[in-house]
Structures are given as structure tokens and as C-alpha cells.
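Structure record follows, encoded as C-alpha cells.
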Amino acid sequence: MTYKRKKYHHGDTHLKKRWRVRNRKKDLDEIDGDLKEEKAEKLLNQDVDLDLPGAAQHYCLHCARYFIDDKALQEHFKTKVHKKRLKALELEPYTIEESERAAGFGNFKLPNKRKIVTQSTLLDKDGDVVISEDTPSSKKKKTEENAS
């Protein structure tokens, strides 16, 4: 004998909203603000906070997530979730000027693509934020210096 599935919460929108808002992460424009050099250094070198996973010592800038240890963070860099987030951060965030251009006030301009490198290349052995020497712009500068 089969039982009827009861749909008691069909019209309860407040219950749906609770589940939708519960696991909300940072938006891409908020993460873009975190990627600025001074804020990134502050986020990567946080004080010990025992309420956060890993005492807030292992943080992924691009995904805005804390990890329990460095191994978990390094494994996270290889996941599809992290790679998709890097791909989404390549486009510059939507600005007010861009919305005005879309409304007809000014000329349309395509959004610029940026080169986003993963966080492991931004850190040195001490955990300090540095610009990697293997970025395409630094290679281009080196070849220009060698040519002159």
C-alpha cells in the first residue's frame, strides 16, 4: 500500500526563504573588493579566531571560505568549484557607469577581461602576499628589458 505524500509547506514562502538565505556566500563584486592588495593582505594574515574553521588561518580569497588546514586549502584549489569561481572573476564587476551606458547614456563598451591567478601563486613561504614572477605581464616586461 502506498502512502500519500503530504505537501503541508506548499504556500509557506517564509520557510522557502529561510533555506535560500541560510547558506548565502559573498557576491562577486564583494570578492572583487577583497582582491585589492591591501584588503587581500589583511584577509590572508588574520589574527587567530577560534570560532572560525582552522582558526581563520587558511582562507581562500576567491571563494571567501575558511579551511581547517593548509592541505584542505591546497586540495580546494584543484576543485571545479574554485576553478569556476576564478573564471567568473575574470570579468570586471558591473558598475553604475556601465548601467548608464546600457540605458543609452554614453557609448557601449565591452567588459574587460582580467587575468586571475590562483591564491597559491600569490603567497610566498612565509604566507605573505607577493606578486608572482610567472605572470604574463612580468614575462613581457623581462623580454622587453632583455631586447634593449
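Cα gyration tensor of segment 34-102, axes a ≥ b ≥ c as square roots of the eigenvalues: rounded (a/c below 1.5), prolate (a/b > b/c) or oblate?
oblate
Roll a 1.4 Å probe over the protein chains and send me the accessible area per residue for segment 8-123 in Å².
With the other protein chains kept in place, segment 8-123 gives 76 Å² per residue.
DSSP loop (so not H, G, I, E, B), at most 13 other Cβ within 10 Å: list which GluC sites (Glu not before Pro) in segment 64-101 pass both filters.
Passing both the DSSP loop test and the Cβ count: GLU90.
Any number yet on Rg/Rh for segment 72-122, C-alpha, Kirkwood?
Value, to two decimals: 1.18.
How much of the accessible area of segment 1-119, in percent, comes from carbon and sulfur atoms when a 1.4 Å probe is used?
Of the solvent-accessible surface of segment 1-119, carbon and sulfur hold 53 percent.
The values are calculated or read from the model by the stated rules, or taken from the named source; none is laboratory data. Source: prediction; values computed, not measured. So basically every Cβ, Gly included, is an ideal-geometry build from the backbone, and we count neighbours across all protein chains shown. For accessibility, only protein heavy atoms count, side chains too; no ligands or nucleic acids. Shrake-Rupley method; radii C 1.70, N 1.55, O 1.52, S 1.80 Å.
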